[in-house]
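What follows is one structure encoded as structure tokens, with my remarks underneath.
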Amino acid sequence: MSRDEDLLDLAISLAHTAGDMALAGRKQGLSNVDTKSTATDMVTEFDRASEVLIADGIRRARPSDGIIGEEGARQESASGITWHIDPIDGTTNFFFDLPTWAVSIAAVDDNGSLVGVVYIPALGETFTAIRGHGAFLNDQPIFVRKNPLLSDALVCTGFSYSAQKRVSQAQRIPIIIEKVRDIRRFGAAAIDLCFVACGRFDAYFEENLLSWDLAAGQLIATEAGAIVTDFSGNTVHPAEVLACQPEIHRELSALIMRASA
């Protein structure tokens, strides 16, 4: 087994263990819910417990690797590999007992994401990728949807935790929605990226993400054939993400830029 396969197996094992723990805990009910950047930016005891479980598992298996976790786990890398952990992506969905939340884990080197896992416990779906080796859903290859028509595109987006920023972002929607099939908002960036990868969405765009939101899902989407850029079609960065199947990428990019002006 190659090093990359070992990394992927570790990420899958930790994602499943943490995700199943969180799912079982959610069924028993929540007892400790706090807020972070705004009153709607929540964190639960299971966000924290999931991150501790994952970070401890990485430290045991690969003590020289770096760690960056949403809930504060930090470790400098001595190996050239850093793990980006979102212990529960979609905490609002988790809080409201909606199924669209996930555990997202990526191993990143100097060239970007090397392996990525996004596990959706409530749906029993595990999305995986190794750089250069394709993308998979429950071990079956996945690919973006083939569709040359922007007017037939199902597009997903997301909004800020800040009410003021949400208002500004929502002003794009009337301009975009008349040009596409429809717009969805699921509330979990890693899942949105994976749903582009498997053809459930034609595209997803959002701004003001962080590395742990993007690292695993970006790799999975790219390996499934998506183009992942910023809104203007240049190099992607967490502050501005557009993941789209190739046939409509340029047209949708231009539309988002026009709607953002």
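Every number here is computed from the coordinates shown, using simple stated rules; none is lab data. Just so it is clear, the model here is predicted, and its values are computed rather than measured. Every residue, glycine as well, gets a Cβ built from its backbone with ideal geometry; the counts of neighbours run over all protein chains shown.
Details
- Expressed as a whole percent, the proportion of Cα-Cα pairs in the chain lying more than 32 Å apart is 18%.
- Alpha carbon centroid spacing (whole Å) that separates region 67-101 from region 49-66: 12 Å
- Its Cα centre serving as origin, the chain has a Cβ charge dipole (Lys and Arg +1, Asp and Glu -1) of approximately 600 debye.
- Cα long-axis angle, helix 249-260 against the chain (0 to 90 degrees, to the nearest 10): 80 degrees
- Among the trypsin sites (Lys or Arg not before Pro) in region 36-133, those located in a DSSP loop and surrounded by at most 14 other Cβ atoms within 10 Å of their own Cβ are Lys36.
- Simple spin-label estimate for Glu76 and Asp9 in nanometres, 7 Å along Cα-Cβ: 3.2 nm
- Positive end of the dipole of region 134-183 (Cβ unit charges, origin at the Cα centre): among Leu150, Leu137, Ile177, the Cα lying farthest that way belongs to Ile177.
- FRET efficiency estimate (nearest 0.05) - Cβ-Cβ, Tyr161 to Asp110, R0 30 angstrom: 0.45
- Panel order for Ser232, Ser77, by other beta carbons found within 10 Å of each beta carbon, from fewest to most: Ser232, Ser77.
- Value of Rg to Rh for region 38-136 (Rh from inverse mean 1/r over Cα pairs, i.e. Kirkwood): 0.99
- Axis of helix 3-28 versus longest Cα principal axis of the chain: the two differ by about 90°, to the nearest ten degrees.
- Close Lys-Lys pairs in the chain, where close means Cα under 27 Å and separation is 8 or more or interchain: 4
- Given their separation in residues at 0.36 nm each and the Cα-Cα distance between them, Arg59 and Asn138 gain 25.8 nm when the chain is fully extended.
- Counting only DSSP beta bridges whose two residues both lie in the chain, roughly 80 percent are antiparallel.
- Highest mean packing comes first when the peptides 222-230, 4-12 are listed by Cβ atoms within 10 Å, giving 222-230, 4-12.
- Residue-averaged [θ]222 nm for the chain, counting only DSSP H segments that reach four residues, each worth -39500 (n - 2.57): -11500 deg cm²/dmol
- Rounded to the nearest 10 degrees, the angle from helix 211-223 to the longest Cα principal axis of the chain is 70 degrees.
- Placing dummy labels 7 Å off each Cα toward the beta-carbon, the span from Ala239 to Arg184 is 3.0 nm.
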